[in-house]
Structure formats: C-alpha cells, structure tokens
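Reading through the structure tokens given below for one structure.
The values are calculated or read from the model by the stated rules, or taken from the named source; none is laboratory data. This one's a predicted model, so the numbers in the text were calculated from it and none came from an experiment. Neighbour counts run over all protein chains shown; Cβ positions are idealised from the backbone, glycine included.
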Amino acid sequence: MLAATVTNPAPAAAGAPGRIKVLIADDSAVVRGLVARWIGEAGFNVVGTAANGRIALEMMGRHDPDVVLLDIDMPELDGTQALPLMLARSPGLQVVMMSTLTTRNADISLKCLALGAVDYLTKPESNRGVTTSDAFRAELVERVRVFGAARARRRGPVPALPGIAAAPAPPPARPAAPVTLRPKARSATPPRVLLIGSSTGGPRAVGEVLEKIGAPTLRRLPVLIVQHMPPVFTAVFAEHLGSRTGIPAAEGKMDEPVLPGRIYVAPGGRHMRLAGAAGRDLAIRLDDGPAVNFCRPAVDVLFQDAAALYGAATLSVILTGMGSDGTNGARALVEAGGAVLAQDEATSTVWGMPGSVAKAGLAQAILPLPEIGPALRTLIMGLGA
C-alpha cells in the first residue's frame, strides 16, 4: 500500500502568501518532492503530498487546502475519480489537473474542466524534464498564486495556530474603478465573422457561449477562436466544441478558406491569421512568429487581422483569462467599427483579459457568462445593436 507523504514547512508569517494551503497528489515521488519544494520556496504552505487520490481525499479532511494539484494517472483512485469527490467535500476548492501531453490526457483534462476543475497543467514527459523545466515551474507557481488568492479571499481570516499570530482578514475589496462602455456599434453591415479570445477558464466558457448561441445562428457565419492552449489540446478542444454545438469544428489549417457554419480553433503553438481580399475570399494563415503578450497563439494577432479584413462586420468577445492578450486587437476592431463584448468579473475564472479590455473602454457590453451567448445571437441575427 502506498503511504502518504506529509511535508511540514516552517509556518509562514502572518498574512504571507504561505497562508494559501496547497495539497499535491501525484504518483511520482520525484514530482511530489519537486513540486512541494517549488511551492514552499514560493512562500506557500504545502500542507501535504499524496501518492493517489484516496490518500489525497483523506488528507483534505485534516488540512482543508485552498488548492489541489491533482495528477490524472494514479493508482487506487485516479484524478478523474477523485475530482468530483473533492469538489463535493469542499465546494469552491481550486483543483488544477496535471498530466503529460497526450491526446488521451488532453481529452480527460478538458472533461475535468467541465466537471469543475479550474485549470490544467501539462507536465514534461520525464522526471528529468520536470526537474529542468523552468517554464513548468513558473506556470505551476503562478496558478497556485492566482487560484489560491481567489480561494483565500472567499474564506476570510485564517484562524490563529498555537504560538502563531493569526493572519489578518483580507483587505476589503476596493470599489471597482468605473468602467466606460463604448457606444453600441451601429452599422448597416451585419456581422460576418465571430471572434472569441480566451485563456484560463476558457474551455468551459467558450463551450457555454457557443451552445447558447445555437447551431442555427452559428451556421450564418464563421467562428474563429484563440484559446491559450498547448498543441494537442487545441485539436481535442475543437472536437469537444463540435460535439457540443453540432457545428463542424477543427484546428485552423494553412490556406483553408474561412466559411460560414464552421468553427476554427487556433492550433497550439502557432498564431492563426487571416489573408485575402477585404471581406471576401479569406483564408487561414498559420505562422510560428514570436510570441505576442507571451502567447502563441495570441488573440491580438487574429483580432488585428480581422479588423483589417472584416472591419465593421466583425463581432468579438473576450472571455476569462490571465494577462491582457486581446486588448490591442480589440482596440483595432473598435477603430474599424467592429463590436467587442467582454465577460464580467464575477463569472470569470480570472478577470485578466476581459478586465483589461473593459478598463480600456473598448467593450460595448460587459456581461455575465450566461448572458453572452444570447447577446451574441441577437447581434448576429440583426435584432439589436
């Protein structure tokens, strides 16, 4: 029988980020050790590590973590089996799935997002790769920071431990800075393309938006999507969208014509662009140019091409995600007469990308996720502006 490994780092100072509690579940002792060390060195509180999902569930009752880093493939109780049990036991728990980059694991990870996991991380294929990957370490720490902080804010003050000062309550939320909405786009040109940009939390959000637009409306125009994802994941993501909407969906291919009634997903690791005569005979272009906003594919790249080629006939939405990718592209769309919508903060997993667009005054509407699909359907059908 595999035994749990519990780490007991020195208590964090009151109010330090170490008050965010992290549980690591992975069947590899090497991965558990490295990840625990990295998380601890970043100042967070590793409350324990577990070799399988059963042990992780037992440890949850003792430590009540904010974030669980959950491997997919483990003995006795794997990540997919443990996830719903964890969420039932601790609603609001932030679970990040971890797996190596395979088609099978991409499919499982996306299904886990639909079940309530907040994000996924792709692990290097070998223990040596895990040891030497600065990118994996940075992504891991950033996710713990973002999701742990969100969970800690909901919890309120951390109780005092014997001999340790209690952490103060998180500061009250500052009043939201006023966001200026742009006047609604009024153009005699109906939308001829729908653009969607998203990142963290995006797979679930994109699926919900498209489903609520509905297949009959989606058949009226092409849908082009940039979702920050690694290779392999984007192909599986497109398959999921096709199954959910009943609309043909796939990664965009070089020189593929852009046609109504199809969903094109930017392939992981490549920018998806547009080329052709303005407003007609357009085709997909793919390139391996430099990352934009640290991203490839980047939302800005697609949006800027669409602004030049579709102009006022462009309808777009920025959904949940870290960072500010999409803001420059949204600005180009607005200047060309296109319409930009943004997801609101309350329903975003991370209000980075949509928040950046909203604060820049580029959105004509800032909507909760359940209202975005119906609003886009109305605009596409020409029933409102």
Open item on the list: Quick test of your reading of the structure: residue 224 fulfils all but one of (1) crowded, with 20+ Cβ neighbours inside 10 Å; (2) within 20 Å of residue 113 (Cβ to Cβ). Name the failing condition by number.
Closed with: (2)
Task: For residue 323: the one exception among (1) touching a strand residue (DSSP E or B) at 6+ places or on another chain (Cβ under 7 Å); (2) of a type outside the set (Val, Ile, Thr); (3) part of a loop (DSSP other than H, G, I, E, B) - done: (1)
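Conditions tested, residue by residue: (1) outside the structural domain of residue 118 (by TED's automatic domain parsing); (2) more than 18 Å from residue 138 (Cβ to Cβ); (3) in contact with a strand residue (DSSP E or B) (Cβ under 7 Å, 6 or more places away or on another chain); (4) surrounded by 20 or more Cβ atoms within 10 Å (Cβ to Cβ).
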{"residue": "43", "(1), (2), (3), (4)": "no, no, no, no"}
{"residue": "55", "(1), (2), (3), (4)": "no, yes, no, yes"}
{"residue": "68", "(1), (2), (3), (4)": "no, yes, yes, yes"}
{"residue": "77", "(1), (2), (3), (4)": "no, yes, no, no"}
Open item on the list: Tally up the residues in the range 335-353 that are closer than 15 Å to residue 199 by Cβ, of a type in the set (A, V, I, L, M, F, W, C) and not in a loop (DSSP other than H, G, I, E, B), please.
Closed with: 3
Task: Total residues in the range 70-109, condition touching a residue at least 40 places away in the same chain (Cβ under 8 Å) and in a loop (DSSP other than H, G, I, E, B) - done: 9
Open item on the list: So if I check each of 126, 90, which one is modelled with pLDDT under 90, outside the structural domain of residue 323 (by TED's automatic domain parsing), over 27 Å from residue 359 (Cα atoms) and over 16 Å from the mean Cα position of the chain (by Cα)?
Closed with: 126
Task: helices (runs of 4 or more DSSP H) enclosed by the range 195-303 - at least 1 residues per element that are farther than 20 Å from residue 315 by Cβ and of a type in the set (Ser, Thr, Tyr) - done: 233-245
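Please go through the range 335-359 and give me each residue that is out of contact with any strand residue (DSSP E or B) (no Cβ under 9 Å at 6 or more places or on another chain) and either in contact (Cβ under 8 Å) with a residue 60 or more places away in the chain or outside the structural domain of residue 311 (by TED's automatic domain parsing) (or both), ordered by number.
Matches in the range 335-359: 359 only.
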- [ ] Specify which of the listed residues (369, 341, 319) is within 26 Å of residue 253 (Cβ to Cβ) and modelled with pLDDT of 95 or more.
- [x] 319
Open item on the list: Can you list residue pairs whose Cβ atoms sit under 7 Å apart, with the first residue in the range 22-45 being closer than 15 Å to residue 59 by Cα and the second being aromatic (Phe, Trp, Tyr) and not in a strand (DSSP E or B)? Count only pairs 6 or more apart in sequence or on different chains.
Closed with: 22/44
TODO: Take the residues in the range 289-347 that are of a type in the set (A, V, I, L, M, F, W, C) and under 14 Å from the mean Cα position of the chain (by Cα), then tell me which one is farthest from residue 222 (Cα to Cα).
DONE: 322
